[in-house]
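This report refers to the structure that appears directly beneath it.
Rule-based calculations on the coordinates, nothing more; no lab input. Just so it is clear, the model here is predicted, and its values are computed rather than measured. Glycine gets a Cβ as well: all are built from the backbone with ideal geometry, and neighbour counts include every protein chain shown.
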Amino acid sequence: MKESTSTFRYKLKIALTVFLPLAFIMNSVLWMFYYQESTTKYNSIETHAVNTINMQSLKIGSNFKLIASDLIFFSSYNQLMDMLDDSEVHKSRLTKDLALFSRGSKIYDQIRILDVAGMEIVRINYSGDLPVVTPENQLQFKGGRYYFRDTIPLAKGEIFLSPFDLNIEHGKVEQPLKPMIRFGTPIFDRKGDKRGIAIFNYLGANLIQDIKGVVSNLIGFSMLLNSSGYWIIGRDATDEWGFMYDDKKDRTMRNVYPDAWKKISASDTGQFYTAKGLFTFITVYPSLENRKSSAGSGKAFATNAKKDNARGYYWKIVSLIPEDYFSEEIYRILRKYLYLSAMLIALLGFGSWFWASVKSKQNTARYELAELTDRLRKSNIKLKELDRLKSMFVASMSHELRTPLNSIIGFTGVILQGMSGDLNERQKDQLGRVNGASHHLLDLINDVIDISKIEAERTDVFPVDLVMDEVIEEAIGAVQIQLEAKGLDLTVDVPKGLNLMTDRKRLLQCILNLLSNAVKYTDEGEIRITARSIGSEVEVAVTDSGIGIPEPALEKLFQPFERLQSHVSVKAGGTGLGLYLTKKIATELLGGGVAVESQVEEGSTFRLKVAKTLPGNSR
Ligand code: ADP
């Protein structure tokens, strides 16, 4: 259980190191996209608003152009001139023409001609899609009205423009509301005398319809305001035409949107955000628009004399896109990206967890391998230690055996020499066997002690300067008796002054072993000892012409207690440890080795190699 929690922790750590940076980067990118998209959204809404108000402004312009051209055309209409010359004959014709015109154009509530005093001469009302000619006896005197007084002083071709307001009948606002703009121009007869004015009452509903029509797919609200800040088109119908009613005089944009109005009234055009939303506005100067668009004449559409400054007559088109709309759009985009982000995070989460699992498995495998290796290493050390202890035990046990064995050998030797009295032949023979076996046992024990000491790593080497031929001479001396007894020839080929720095006792032990083996396993012929220097080593080769060793036995020759059965049966003596010990000494103590070549019945060559120089106490 503990194991699995730590694995879980590990996995979590790996997963997080992958997940966190990736999630951070990916989400930053997503956030950038979100930012980009929402900015684009804002921009497109802003552009849309600007386009809308521009279109609306153009609509107003084109409407005014049309009305102005109607009026100017009419002011010099031939039928009108004829009537001014001789009213009795031509008046009825003109009236008919005007009735036709009224029905055709559909945009004029009233078309009137007033004389210079302000008395109506002709009046066509447009009601219920039909032109109605007002009977003579119902014509009224309008000399006191502002539109008459403002128009009559104008020069030829100049146009009076009334405020955009609601028609009033009998002192009350006409219901249903009838938005109205009066266009007036003075009339001159053929002689050039001013004879009165023409007044066209334009049905403002057409203009309002046109303006509203631009924004059929409206996002937000379109408003049209006059220069005092009253709504002609409002967000709400109840806001509209405030200046026409005594109880609505405070329904101005200044009061309802004070901050926005401050900006809107301060400049001709602009766009800004308030807490209410996006405001986009443009100022329309209808009289200026018309003057500009009138053909040729620079002052075709001047306003009335009092408001000579054309800039004083203007409207404001304002578009308001409420904050809600933006937040909804932005929220929609945000939702999309949040959804994407959630998917991404989930995906990344799965991905990194998967990755972490793979890593964790790899890691566990590595960990287990490391643990196994460590266990092996430890048990190896333990085994070595056990082996060393075993060797030490054997060495000390063997040492303990040597003492009693030496007294057996010593005392049997003394008895055999007859020092304790005479022995008969049988006793001599039996005691001789005891003595011989004891010698053999001592040899064995000595070898075992040597081997054990080396294995227990308790053998020290004592390098000294020596000359090879002296050591070989000493070895030969040791086997001299056996050599002579067997009548073997001995050839020695050792260069003089072959110096070494090695352990003399161990070197001698090795050479002696090989030499005594050669003597032991050779019945006739010769034994050859050669020595030579090879690089940093010296090789001593002992060659005999003895019984040789069969091929399969060669590789097992250097193992402990390995004695060739054929040889044992023939020859006496030997422990089976000699070559094993020699090899151990040569490789482990003297920095060299032993090798053998042999032919059965022809002889063997044993080559001992030792380092020329042995470093101090190597153990
Ligand atoms: P041993 O004490 O029996 O001589 P060694 O370890 O010295 O033990 O030798 C192992 C065996 O190798 C010997 O029993 C013998 O059979 C064989 N041997 C060693 N030296 C020679 C040699 N020069 N010629 C033939 N056989 C040899």
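Compare the peptides 46-53, 380-387, 143-150 by average per-residue count of other Cβ atoms within 10 angstrom and give them in order, highest first.
Numbers: 46-53: 18.2, 380-387: 10.8, 143-150: 16.6.
Highest to lowest by the protection proxy: 46-53, 143-150, 380-387.
Report, for the chain, the % of DSSP beta bridges that are antiparallel, rounded to 5.
Numbers: 82 of 89 bridges.
Around 90 percent antiparallel, to the nearest 5.
Ranking request for peptides 504-510, 110-116: highest mean number of other beta-carbon atoms within 10 Å first, then the rest in descending order.
Per-residue Cβ counts within 10 Å, averaged per peptide and sorted highest first, yield 110-116, 504-510.
Quick one: which of 59/212; 59/106; 212/249 span more than 19 angstrom between C-alpha atoms?
As for pairs spanning more than 19 Å Cα to Cα, those are 212/249.
Is there a quick way to get the dipole size of the chain? I mean about its Cα centre, with the Cβ of Lys and Arg at +1 and of Asp and Glu at -1; what is the value in debye to the nearest 20?
Approximately 3840 debye in magnitude.
Over segment 483-619, what relative contact order in percent results from Cα pairs under 8 Å that are six or more residues apart?
For segment 483-619, the relative contact order is 29 percent.
Of 336/359; 496/609; 378/609, which ones are farther than 28 Å apart at the Cα?
336/359; 378/609
For the residue pair residue 433 and residue 478, what label-to-label distance in nm results when each label sits 7 Å from Cα along the Cα-to-beta-carbon direction?
3.0 nm
What FRET efficiency comes out for residue 539 versus residue 6 if R0 is 60 angstrom and r is the Cβ-Cβ distance? Round to the nearest 0.05.
About 0.50, to the nearest 0.05.
Give me the dipole magnitude in Debye, nearest 20, for segment 136-186 about the Cα centre, with unit charges on the beta carbon: positive for Lys and Arg, negative for Asp and Glu.
Numbers: 7 positive and 6 negative charges, 16 e Å.
Computed charge dipole of segment 136-186: roughly 80 debye.
Starting from 0.36 nm per residue, how many nanometres of slack lie between residue 255 and residue 93 once their C-alpha separation is accounted for?
In short, 53.1 nm is gained.
Counting only helical runs of four or more DSSP H residues, what would the 222 nm mean residue ellipticity of the chain come to if each run contributes -39,500 (n - 2.57) and the total is spread over all its residues?
Using -39500 (n - 2.57) per qualifying helix, the result is -18000 deg cm²/dmol.
Between 124, 421, 399, whose Cα lies farthest towards the positive end of the dipole of the chain when Lys and Arg beta carbons carry +1 and Asp and Glu beta carbons carry -1, centred on the Cα centre?
Working it through, the farthest residue towards the positive pole turns out to be 124.
May I ask what percent, to the nearest 5, of DSSP beta bridges between residues of segment 478-602 are antiparallel?
60 percent
So if I place +1 on the C-beta of Lys and Arg and -1 on the C-beta of Asp and Glu, and nothing else carries charge, what would the dipole magnitude of segment 1-119 be about its Cα centre? I want it in debye, nearest 20.
Dipole about the Cα centre, nearest 20: 1240 debye.
How large is Rg/Rh for segment 20-108, to two decimals, with Cα atoms and a Kirkwood Rh?
Taking Rg over the Kirkwood Rh, I get 1.62.
Lysines near residue 453 by alpha-carbon distance under 21 Å, same-chain residues fewer than 8 away left out - which ones?
By straight Cα distance, residue 453 reaches 382, 384, 390, 505, 583, 584.
Using only alpha carbon pairs under 8 Å that are at least six residues apart, calculate the relative contact order of the chain and give it in whole percent.
Working: 948 pairs, mean separation 64.9, N = 619.
Reported as a whole number, the value is 10 percent.
By average Cβ neighbour count within 10 Å, what is the ranking of 485-497, 318-330 from highest down?
Those peptides, ordered most packed to least, come out 318-330, 485-497.
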